[in-house]
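Beneath this line is the structure, given in structure tokens, with notes to follow.
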Amino acid sequence: MKDKFLRDSIYVVETNIDDMSPVIYETVFEKLYSAGALEVFLTPVQMKKVRPGILLTALIPKNKLKKIAEIIFRETTSFGIRYYEAKRLKLLRKIGENKGEWGKIRVNKGYIGKELVKISPEYNDCREIASKNIPLKNII
């Protein structure tokens, strides 16, 4: 029987940071996404000596490890990173288009096998329409 899900593997790259100004993270995110990171996020953590810290995590294609590591080392106060492989199950994704009262909006459609189980509007399309003084929540 054919699998209903797509499968792949990525690297999870992470580092704990407790000595960096929070204003730096915006630039770090921009550079990581520009270098090919799939997701980047911050998680509050408790570090040694009861210091509050941040766990910076990036989900990346395996072929981007060296570039992502270099960005983290250059742009943050980190002296070390951890990385490990993570396997993923994914929905088959197709991009479509919906027409509504505000115009065309691209949508992501997710399938389990041939069954459509999710439709999600493309955020940037919704945001562009919202810039015309329409509440974003109404468009979504």
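The values are calculated or read from the model by the stated rules, or taken from the named source; none is laboratory data. The structure displayed is predicted, hence computed values, not measured ones. Positions of Cβ are backbone-derived with ideal geometry, glycine not excepted, and every protein chain shown enters the neighbour counts.
Looking at region 98-127 only, could you name the residues that are part of a loop (DSSP other than H, G, I, E, B) and among the hydroxyl-bearing types (Ser, Thr, Tyr)?
Answer for region 98-127, where residues must be part of a loop (DSSP other than H, G, I, E, B) and among the hydroxyl-bearing types (Ser, Thr, Tyr): there is none.
Within region 21-45, how many residues are over 14 Å from the mean Cα position of the chain (by Cα) and hydroxyl-bearing (Ser, Thr, Tyr)?
3
Given the structure, is residue 103 outside the structural domain of residue 28 (by TED's automatic domain parsing), more than 18 Å from the chain's Cα centre (by Cα) and surrounded by 12 or more Cβ atoms within 10 Å (Cβ to Cβ)? Break it down into steps so the answer makes sense when it comes.
On the way: outside the structural domain of residue 28 (by TED's automatic domain parsing): yes; more than 18 Å from the chain's Cα centre (by Cα): yes; surrounded by 12 or more Cβ atoms within 10 Å (Cβ to Cβ): yes.
Here the answer is yes, as residue 103 does meet what is asked.
Is it the case, given these coordinates, that residue 70 is surrounded by 15 or more Cβ atoms within 10 Å (Cβ to Cβ), at pLDDT 95 or above and of a type in the set (Asp, Glu)?
Details: surrounded by 15 or more Cβ atoms within 10 Å (Cβ to Cβ): no; at pLDDT 95 or above: yes; of a type in the set (Asp, Glu): yes.
Here the answer is no, as residue 70 does not meet what is asked.
Report yes if residue 59 is surrounded by 16 or more Cβ atoms within 10 Å (Cβ to Cβ), among the aliphatic types (A, V, I, L, M) and closer than 30 Å to residue 134 by Cβ, otherwise no. It would help to see each step written out before you state the result.
Details: surrounded by 16 or more Cβ atoms within 10 Å (Cβ to Cβ): yes; among the aliphatic types (A, V, I, L, M): yes; closer than 30 Å to residue 134 by Cβ: no.
Criteria not met by residue 59.
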